[in-house]
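The values are calculated or read from the model by the stated rules, or taken from the named source; none is laboratory data. The shown structure was predicted, so the numbers you read here are calculated from the model rather than taken from an experiment. Glycine gets a Cβ as well: all are built from the backbone with ideal geometry, and neighbour counts include every protein chain shown. These area figures cover heavy atoms from the full protein model, side chains too; ligands, DNA and RNA do not enter into them. Shrake-Rupley method; radii C 1.70, N 1.55, O 1.52, S 1.80 Å.
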Amino acid sequence: MRLIFEYSKAGKEGFFVEEEEGKEIIPENLLRPEIEVLPEVSEREVVSHYLRLSALNYSVDWGFYPLGSCTMKYNPKINEEVASFFTEAHPLLPEELVQGYLRVFKELEEALKEITGLDAFTLAPAAGAHGEFTGIITVRNYLEARGERREVVLIPDSAHGTNPATAALSGFRAVEIPSDEKGMIDLEKFKAALNEKVAALMITNPNTLGIFEENIKEISRLLHEVGAFLYMDGANMNALLGQVKVADLGVDVIHLNLHKTFSTPHGGGGPGSGPVGVVEKLAPYLPGPRLVESNGLLLWEEAEGRIRSFYGNFLVMVKALAYIKELGGEGLKEVSEIAVLNSRYLRKRLEKKFKVAYPTETLHEFVLSDETFRDKISTLDLAKRLLDYGFHPPTVYFPLIVHGALMIEPTETESRETLDRFAEAMEKILDEAEKDPEVVKTAPHSTPVGRLDEVGAARKPILTWTQYKEKQD
Ligand SMILES: *Cc1c(COP(=O)(O)O)cnc(C)c1O
């Protein structure tokens, strides 16, 4: 891949403007005086250059993307189409003029209540982590209103890093609970850590190992006994849709990731949505504004503690509602069944040559350790080599409790053929590790750039022409 500057040849031109005229047409803030010589290229070259650039990124539309925990699944384009109907209204329009829009909020709240069995939702949070913060702050507000002092939030060692971060940001102390040999919360250690200082346990279910927390009802009973709450990180909801209402498991608060479970492609920092659902007694402590219905009109009612400007990422909600309505209850149930089936199929195939971290049966994702290859190649080598076979690698080195972890989530949108091709590529790389480890250790070979200095790229990114020039000099 060449820079556009490298196509330049004196005298080539595309769209023609006189210099003086150009200054009038192009706004000052878009002029780049620091670039002394602009490339001279034809319009045709500009178009093909940027078209090629646009295809350099791997995406959920491009191919298999088994990034565990993230649920990077294909999302039906019809939902984008539906969202495009709703791009006009300004959030400051009077409620009477946007009843259709407010109906979308209302219907989505109702659908999420039905799916989870919880009593009230706020749709405001902009992502999962933001939802966690909102949910834990809701618990804190409840406790403060009752004059209760509780300092601790319990978090299993398999948790996503945002969980302890949320606890700390919300003014609690995160206390880690180890997993047992089955990959579940160690019940005895949990009991030992539980006391009147505990505000909540944050549980992910199924957890990041893809394992259903069998003792969740016992855990919620014990928490409730000491007046603490059960927070569920709902990022893995595509494993449970239509199978169980989390309220029946004793969950008091949940966040859902609409951009994982309900049809918004994510990654790359696009808009997300992390609705938070709660049981009745926490409902008054959810942040405002809250949607209320009065004489058939939907209205926003101010409540304390706004956590986001306006009402959240509306178009993500439209897509989620479209997805839920298309599939219906039976369809959503099928989503989780196929997600689990695909994952178990792939696990069985890979188990022949790879070691699954915990023997326990898994739901929609599973985690391999590096046990069968660590003496020849690293997890990173394997992940990079997968790029040469046309696959996005799985999540690597997470969860932290598994050595050299590869966390694989095929999702429900993949065909059996794709799963087979992926398994074959994984096995082929093991073969290569045996016969020709160098080719794996230096991968990828087919991508525009090879191994990157990832730390350098994060710490000292080169984002402007000036920085690039300085680096060259
Ligand atoms: C993705 C994820 C989060 C964070 O959600 P964001 O929407 O990325 O902020 C939290 N917990 C788990 C288990 C996740 O997979």
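Summary of computed values
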item: Qualifying residue in region 111-125 (condition: crowded, with 16+ Cβ neighbours inside 10 Å, under 15 Å from residue 235 (Cβ atoms) and in contact with a Ser or Thr (Cβ under 9 Å, 6 or more places away or on another chain)); result: yes
item: The one condition in (1) at pLDDT below 95; (2) more than 16 Å from the ligand (Cβ to nearest atom) that residue 99 fails to fulfil; result: (1)
item: Failed item, numbered, when residue 298 is tested on (1) within 16 Å of the ligand (Cβ to nearest atom); (2) in contact with a Leu (Cβ under 6 Å, 6 or more places away or on another chain); result: (1)
item: Qualifying residues in region 148-157 (those that are within 23 Å of residue 125 (Cα to Cα) and within 15 Å of the ligand (Cβ to nearest atom)) - the one surrounded by the most Cβ atoms within 10 Å (Cβ to Cβ); result: 153
item: Qualifying positions in region 26-40 - open to solvent by less than 100 Å² (accessible area, probe 1.4 Å) and more than 22 Å from residue 5 (Cβ to Cβ); result: 27
item: Region 287-299 - residue that is more than 19 Å from residue 274 (Cα to Cα) and hydrophobic (A, V, I, L, M, F, W, C) and, of those, surrounded by the most Cβ atoms within 10 Å (Cβ to Cβ); result: 298
item: Flag if residue 201 is buried (at least 24 other Cβ atoms within 10 Å of the Cβ) and within 18 Å of the chain's Cα centre (by Cα); result: no
item: Yes/no for residue 51 being closer than 24 Å to residue 466 by Cα, open to solvent by 40 Å² or more (accessible area, probe 1.4 Å), more than 16 Å from the ligand (Cβ to nearest atom) and not charged (D, E, K, R); result: no
item: Condition check for residue 363: under 30 Å from residue 447 (Cβ atoms) and either within 23 Å of the chain's Cα centre (by Cα) or not assigned by TED's automatic domain parsing to the domain that holds residue 452 (or both); result: no
item: Within region 214-258, considering residues that are crowded, with 24+ Cβ neighbours inside 10 Å and among the acidic types (Asp, Glu), the one nearest to the ligand (Cβ to nearest atom); result: 233
item: Contacts under 6 angstrom Cβ, first residue in region 340-361 being touching a residue at least 60 places away in the same chain (Cβ under 8 Å) and closer than 23 Å to residue 180 by Cα, partner of a type in the set (Asp, Glu) and open to solvent by less than 40 Å² (accessible area, probe 1.4 Å), 6 or more apart; result: 343/365
item: In region 158-192, the residues that are open to solvent by 30 Å² or more (accessible area, probe 1.4 Å) and either touching a Leu at 6+ places or on another chain (Cβ under 6 Å) or within 20 Å of residue 135 (Cα to Cα) (or both); result: 160, 161, 162, 164, 165, 168, 169, 171, 173, 174, 175, 176
item: Within region 219-267, tally of residues that are under 27 Å from residue 411 (Cα atoms), among the β-branched types (Val, Ile, Thr) and in a helix (DSSP H, G or I); result: 2
item: Meets criteria (touching a residue at least 24 places away in the same chain (Cβ under 8 Å), surrounded by 17 or more Cβ atoms within 10 Å (Cβ to Cβ) and over 24 Å from residue 344 (Cβ atoms)) for residue 443; result: yes
item: Candidate set: region 126-147, residues that are hydrophobic (A, V, I, L, M, F, W, C) and within 16 Å of the ligand (Cβ to nearest atom); chosen: the one most open to solvent (accessible area, probe 1.4 Å); result: 133
item: Sole exception among (1) in the same structural domain as residue 205 (by TED's automatic domain parsing); (2) more than 16 Å from the ligand (Cβ to nearest atom); (3) open to solvent by 10 Å² or more (accessible area, probe 1.4 Å); (4) among the β-branched types (Val, Ile, Thr) for residue 307, by number; result: (2)
item: Members of region 272-290 found to be outside any strand (DSSP E or B), small (Gly, Ala, Ser) and touching an Asp or Glu at 6+ places or on another chain (Cβ under 9 Å), listed by number; result: 274, 283, 288
item: Out of 68, 63, 22, 11, sole residue that is in contact with a helix residue (DSSP H, G or I) (Cβ under 9 Å, 6 or more places away or on another chain) and not assigned by TED's automatic domain parsing to the domain that holds residue 402; result: 63
item: Those residues of region 346-366 which are touching a helix residue (DSSP H, G or I) at 6+ places or on another chain (Cβ under 6 Å) and under 26 Å from residue 245 (Cα atoms), in sequence order; result: 363, 364, 365, 366
